[in-house]
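Participant: First the structure, then my questions, so here it is.
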Amino acid sequence: MTPGAAIEVEGLTKSFAGRVVVDRLSLAVPSGRIMGFLGPNGSGKTTTLRMLCGLLTPDSGRGTCLGLDILTEAQRIKRQVGYMTQRFSLYEDLSIVENLDFIGRVFGLAERRRKVSQALDRLGLTARRRQLAGELSGGWKQRLALAACILHEPRLLLLDEPTAGVDPKARRDFWAQIHGLAADGMTVLVSTHYMDEAERCHLIAYIAYGRLLAKGPVAQVIAEAGLSTFTITAAADKVAELADRLTGLPGVDLVAPFGSALHVGGGDREQLLASLAPYRDNPALVWREDSATLEDAFIHLMGKSSDNFSNGPVS
Amino acid sequence: MISGGRLMAMIIKEFVQVRRDRLTFSMMVGIPLMQLVLFGFAINSDPKHLPTAVVDADHGPFGRALVAAMQASAYFAVTGEVDSEAEADRLLVEDRVQFVVNIPPDFSRRVARGERPALLVEADATDPAAMSGALGTLSLLAETALDHDLGGPLASLKASPPPFELRLHRRYNQEASTQFNIVPGLMGVVLTMTMVIMTSLAVTRERERGTMENLLVMPLRPIEVMLGKIVPYVVMGYVQVAVILAAARLVFGVPIVGSVWLLSLGSALFIAANLAVGFTFSTVAKNQLQAMQMSFFYFLPSILLSGFMFPFRGMPRWAQLLGEALPLTHYLRVVRGIMLKGDGVADIAVEAAAMAAILVVVSVIAMLRYRETLD
Ligand SMILES: Nc1ncnc2c1ncn2[C@@H]1O[C@H](COP(=O)(O)OP(=O)(O)OP(=O)(O)O)[C@@H](O)[C@H]1O
Ligand SMILES: [Mg+2]
């Protein structure tokens, strides 16, 4: 085990009905770090998180969570891990406080009452503690679920899209809280589709079609994608036309309109420049070379991997 | 206005959904099939071959002729001759025979003398409906059984009144009240229905609502989940028992001959067995509809084969074997035994052991089926 790794897995593989969903995934998350787990829909993020906390048994591979074997010591892992499910999974027909009390009792928390009322205070839900969880709005449900999974003060948090549907202010509070917890030594693996959230993580891991394609600090992942990008500003009504013309040219891997600007880029700089050359002298267009964003890097990675996948098994 | 297109859209969607739910689909075929088999082959409201013991103190020709005639009528299966009334009595208490025929000493001689001696038939009348056919035949037999033997000088005795007097003594449930039989049985039926349905929904509901995922990541052991889900319903089951017992006593006037405590103990076993059955269903069913269907699938034979609605002794061997595997069959014997016959611990031990065995087997299956993961 790498010293100080909270999660360390090797070759994790899982298939459903003969279709490989997570493919020989190896991952290490250092203690006290926040790792963002990114990837397109259906890429296997939820499945991976479930294997880590013992909800699913891997077909092959091995690994440890908090130094405990994920295959044989799931029961002990469960005590020290907080897992927030993608779909709301608390009891909708129990009140907020009843849900928290239930969890507190299952974990046998000392000073349960105090911890529950602290959690309610932090959430700002003390006044509505008797409201049924099912009656909460989507964002509030997410916030309750987060409070529920850190109630037992776990050492490792596995969060599956914890901020989906949460407003910007609450998301900021949420991330401030996550960073606070990490500073106290908690390790966090959090899946998300938001780029701004990914950039708040110490490390990111990018998975597509079950394969881990990139991992490391944000800057490193962007750099390794090796993208050259340009922003072209044009008259608003010309952008769509230009986008159509550029799409599919050799070397042009991504074309994305942003209002009256067009963002284009590619992995092969020479080819990209050659394809763009005919347009560079157009006086109606303003060219500016800029640095690739994380989103560019992901879209580029995704485009590459779907090519690999199309000759693999189909669903 | 009904739009054909919109209606079709709805119909097609429903068909696709029904077809996807394999279990529902097979239940829709399976339940009528089961009913056909049970009603067509297993159930017999006019049971024959009822076990009968004979105490023959006479050893004369007329006694033997009578026994032969009873045997020939197919309603009675003479399981053996016993020497003493005490032994016959034991057979009756232990539920091994339904009838005891007492042929008094000098029976043959007194018949021949035209004295019209009495012949005592003792019957276990806990379930009056089960023996009405047999009793009808018996009185008919009294008139004709000896005709063949009453030849020559005795021919005059053939004419009515019959050559001997048939005395029927109903043991238990002397009033021959069907309510006395049905009301205690109802307790078992109600418990079966509610207990199995409640727990069969228990795990299924967690799965259907998605709360299972959260439950499984918590450090709960399967046995804790199972017991936690069962215990509240044990309490509810006891409330039901209390309500039905009170109603039985106060509304229907059913006597409670035996010990209420013993009845509570037997009920605890029965409730636990049913809850375990329901829990097992809930580990199999994918959604709550399937769980309900499985409960119904279980409920049907429980009512039909347990001896609640139709006499157990009237069923063919295979149906009786099936019935023995159902907790209700044993519970009915316990409840009726305690309430109507005043059975004690020793009398219900075998039935209680059977319920305990079912409980253990079903619980083991449930534990094996319960998944600690989402695979
Ligand atoms: N229980 C299951 N049975 C069959 N297939 C499954 C099951 N769970 C997941 N899958 C399949 O596994 C693949 C990965 O699913 P997973 O939920 O891990 O993706 P994800 O990365 O979490 O996606 P999203 O971003 O949409 O949440 C999908 O193709 C999905 O259809
Ligand atoms: Mg997911």
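A short reminder: the numbers here are calculations on the coordinates, not readings from a lab. These numbers come from a predicted model, not from an experiment. All Cβ positions, glycine included, derive from the backbone under ideal geometry; neighbour counts span all protein chains shown.
Participant: Extent of the protein assembly as shown along each principal axis, from alpha carbon coordinates, in Å, largest to smallest?
Facilitator: So the extents along the principal axes, rounded to whole Å, are 141, 60, 54.
Participant: Now for a different question. Ranked highest first by the average count of other Cβ atoms within 10 Å around their residues, in what order do B:297-306, B:349-358 fall?
Facilitator: B:297-306, B:349-358
Participant: Rank the residues B:238, A:206 as a footprinting-exposure proxy: fewest other Cβ atoms within 10 Å of their Cβ go first.
Facilitator: B:238, A:206
Participant: Cut-off is 10 Å between beta-carbons; in what order do B:363, B:200 appear when sorted fewest neighbours first? List each step's numbers first, then the result.
Facilitator: On the way: B:363 20, B:200 29.
Going from least to most buried by this count: B:363, B:200.
Participant: Roughly how compact is chain B, stated as its Cα Rg over 2.2 N^0.38 Å to two decimals?
Facilitator: The value comes to 1.27.
Participant: If you don't mind, another one. For chain A, build the convex hull from the C-alpha positions and give me its volume per residue in Å³. Walk me through the numbers before you get to the answer.
Facilitator: On the way: hull volume 50.0 nm³, N = 315.
Spelled out: Cα convex hull of chain A, divided by residues, is 159 Å³.
Participant: Once every DSSP H run of n ≥ 4 in chain B is given -39500 (n - 2.57) and the sum is divided by its residues, what mean residue ellipticity at 222 nm do you get, rounded to the nearest 500 deg cm²/dmol?
Facilitator: -20500 deg cm²/dmol
Participant: State the Cα centre-to-centre distance between the range A:186-208 and the range B:231-250 in whole Å.
Facilitator: Answer, in whole Å: 56.
Participant: What is the distance in Å between the Cα centroid of the range A:131-178 and that of the range B:1-71?
Facilitator: About 54 Å separates the Cα centre of the range A:131-178 from the one of the range B:1-71.
Participant: Okay, next question. What is the set of long-range amide H partners of residue A:5 at a cut-off below 5 Å, with H atoms built 1.01 Å from backbone N?
Facilitator: A:31
Participant: Report, as an integer, the average count of C-beta atoms from other chains found within 10 Å of each Cβ along A:80-91. Show your work: numbers first, answer last.
Facilitator: Numbers: counts 1, 2, 1, 5, 2, 5, 2, 5, 4, 10, 4, 5.
Other-chain Cβ atoms within 10 Å of each residue's Cβ, averaged: 4.
Participant: Then there is this: Which whole-Hz couplings ³J(HN,Hα) result when phi for each residue of the range B:250-256 is put into the Karplus expression 6.51 cos²θ - 1.76 cosθ + 1.60, θ = phi - 60°, listed in order with x for Gly and Pro?
Facilitator: Karplus values, whole Hz, x for Gly and Pro: 7, 8, 9, x, 6, x, 10.
Participant: For the peptides A:102-114, A:227-239, A:293-305, what is the packing order when you average, over each peptide's residues, the other Cβ atoms within 10 Å and list the highest mean first?
Facilitator: A:293-305, A:227-239, A:102-114
Participant: Here's another thing I want to ask about it. When Rg is the radius of gyration of the Cα atoms in the range A:227-291 and Rh is its Kirkwood radius, what does Rg/Rh come to? Spell out each step's value before the answer.
Facilitator: Working: Rg = 10.5 Å, Rh = 11.5 Å.
Reported Rg/Rh, Kirkwood definition of Rh: 0.91.
Participant: Right, next: Within 10 Å of each Cβ in B:217-223, how many Cβ atoms from other chains are there, averaged over the peptide?
Facilitator: For this peptide, the per-residue mean of nearby foreign Cβ atoms is 6.
Participant: Just how far, in whole angstrom, is the range B:165-223 from the range A:1-36 if you go by their alpha carbon centroids?
Facilitator: For the range A:1-36 versus the range B:165-223, the Cα centre distance is 47 Å.
Participant: A follow-up question, please. Can you give the mean number of other chain Cβ atoms that lie within 10 Å of the Cβ atoms in peptide A:96-105?
Facilitator: That works out to 1 on average.
Participant: When DSSP beta bridges are limited to those with both residues in the protein assembly as shown, what percentage is antiparallel, rounded to the nearest 5? Numbers along the way, then the final one.
Facilitator: Values: 41 of 76 bridges.
Beta bridges within the protein assembly as shown, antiparallel portion: roughly 55 percent.
Participant: Please report B:244, A:207, A:70 as a ranked list, fewest other C-beta atoms within 10 angstrom at the top and most at the bottom.
Facilitator: Numbers: B:244 20, A:207 26, A:70 23.
Least crowded to most crowded, the residues run B:244, A:70, A:207.
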